[in-house]
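The values are calculated or read from the model by the stated rules, or taken from the named source; none is laboratory data. Because the structure is a prediction, the values reported are computed rather than measured. Every residue, glycine as well, gets a Cβ built from its backbone with ideal geometry; the counts of neighbours run over all protein chains shown. Just the protein is used for accessible areas: all its heavy atoms, side chains included, with ligands, DNA and RNA removed. Shrake-Rupley method; radii C 1.70, N 1.55, O 1.52, S 1.80 Å.
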Amino acid sequence: MKILLSKNIKTTLTTSFMSSLIYACTMPFMIIYLAKHTPTGTAGIIVILNVAVSFLAGIIGGYLADNHQRKRILFVFQTLYAVGLLTIVFNLSGLLAHINWLVVGYFICGAAYNFYTPAYSAVVLDSTTRENRKKVYQYEYWIFNLSMAIGASIGGFAFKNYLLPLFIGAVIMQLIVTLFLQMNLRYENKIMDRKDTKVIRHLFSTYAKVAKDRRWLMFVVGMALYQAAEFTMGTYTGVRLSKEFDMIHLFNIAIDGVRMLSVLQVINTLLVVFLTFLLTRITAGLKEKYVVFFGLLIYVTGYGVMATANSITLLVPIMVVVTIGELVATPLLSAREVDLIPDDKQASYLSFSGLSFQFAQLVAGFALTLGGFVSAFYISVYIIVLGVIGVLFVSISLYHRKHQKTNPEATSRI
């Protein structure tokens, strides 16, 4: 049966592609840039502080998205994201030459993204139906990975010689994306009436109710721990490759550590683009919980081993295996996550879920700081152990319901 997609879904998927592309060709390379222009371990501290700022922004963003018009929130904070990129442009051009301005721009980007992401996620959820939801999230996953591959390719090859033009282009594209979404999105959400007029108290009471859902809490923590394995690719592993990888030549193109990182990301995404729907069909007849468990186990183990590898003959095969694990598990998790969310707390639950992203960045940022004091082997162990714990948490929260005391509203939707 053919699945028809509404204009809102097409608009949000297009916006998702462009936004992810902007992120992929800029932000991961800021970490490498900061690592080169600050003392050892400082870049890791900056990443951790950025995670803290983003964490608070995500909390507030989820609250705003449940209590205000989401389309307006998207406009305000997507514009602020452009301001953050522009601040980085001013630093790279010498107008605001001190490195602190670059850090400020980096923080603004992190905060703005997390202010608007809960609203965006809620818009996507509202725009889907039970019939097309799984397909829409599959498309979103596919589009995200395609944009990340293209962005990583652009950023990796522009990093050394064209960093300023790259960020100028990102500012222009971000403004275009913001206007495109506002012009094409036909959406207005219902705002729940509330008796509590004290914003801060209401914010905390909202998230206190979400946090009492122990099953959801375990799921979010588990996601954070296993996702941290991949995030170390852009923090610890990326910085280590930029310093330790011996340059090679492929087809007369010089491949240093930064470009090797881009090559790996491109391989990851090309596999996603070409294999997502094929692997979905292949695993369709298998038991879901085993597909998810072993897929994630391969995923975290592969990224952990990659933290110590310096040879292209080892890095590339590991990336292939890691991607297969990711492909069979992630779309299933995305669809399953939505089923756990009560209708009247969509943005709050999605925002709380988004905290897994911040916590994962925190774990990955700590790996970068820790890497200044211990060998790559111990970082690899750190990634794998935490990742396996995360896989267990996710599996238990999703597939062992009778052992969990869950939110009754969430349970009734499964």
Project the alpha carbons of the chain onto their principal axes and report the range along each, largest first, in whole Å. 59, 50, 43
Calculated FRET value between Ala376 and Met247, using beta carbons and R₀ = 25 Å, to 0.05: 0.85
Projecting each Cα onto the charge dipole of the chain (Lys/Arg +1, Asp/Glu -1 at the beta carbon, about the Cα centre), which of Tyr120, Thr323, Ser153 comes out farthest on the positive side? Tyr120
Explain nothing, just the number: dipole magnitude of the chain about its Cα centre with +1 on each Lys and Arg Cβ and -1 on each Asp and Glu Cβ, in debye rounded to the nearest 20. 1020
Say each of Ile396 and Leu95 gets a label point 7 Å from the Cα, pointing the same way as Cα to Cβ; how far apart are those two points in nm? 5.3
Considering the dipole of the chain built from charges on the beta carbon (Lys and Arg +1, Asp and Glu -1) around the Cα centre, which of Thr129, Ile267, Thr15 is farthest to its positive end? Thr129
At a 1.4 Å probe, what is the % contribution of carbon and sulfur to the accessible area of the chain? 68
For the chain, modelled as a GNM with alpha-carbon contacts under 10 angstrom, which of Ala65, Ala364, Ala35 fluctuates the most? Ala35
The longest stretch of the chain containing none of the trypsin sites (Lys or Arg not before Pro) that sit in a DSSP loop with at most 16 other Cβ atoms within 10 Å is 3-129
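Mind running the shape call on region 197-280? Use the C-alpha gyration tensor, a ≥ b ≥ c as the square roots of the eigenvalues: rounded below 1.5 for a/c, prolate if a/b tops b/c, oblate otherwise.
Taking the square roots of the gyration eigenvalues as a ≥ b ≥ c, region 197-280 is prolate.
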Taking the chain and counting helices only, DSSP H stretches of n ≥ 4 at -39,500 (n - 2.57) each over all residues, the nearest-500 ellipticity at 222 nm comes to -27000 deg cm²/dmol
Compute, for region 166-305, the length of the dipole vector about the Cα centre, with Cβ point charges of +1 (Lys, Arg) and -1 (Asp, Glu) only. Units Debye, rounded to 20. 840
Looking at the chain, identify the longest residue range that excludes and avoids all GluC sites (Glu not before Pro) in DSSP loops having at most 16 other Cβ atoms within 10 Å. 189-414
A student applying the Cα gyration tensor rule (rounded when a/c is under 1.5; otherwise prolate if a/b is larger than b/c, oblate if not) would label region 258-401 oblate
Where a ≥ b ≥ c are root eigenvalues of the Cα gyration tensor, a/c under 1.5 meaning rounded, otherwise prolate if a/b exceeds b/c and oblate otherwise, region 1-141 counts as prolate
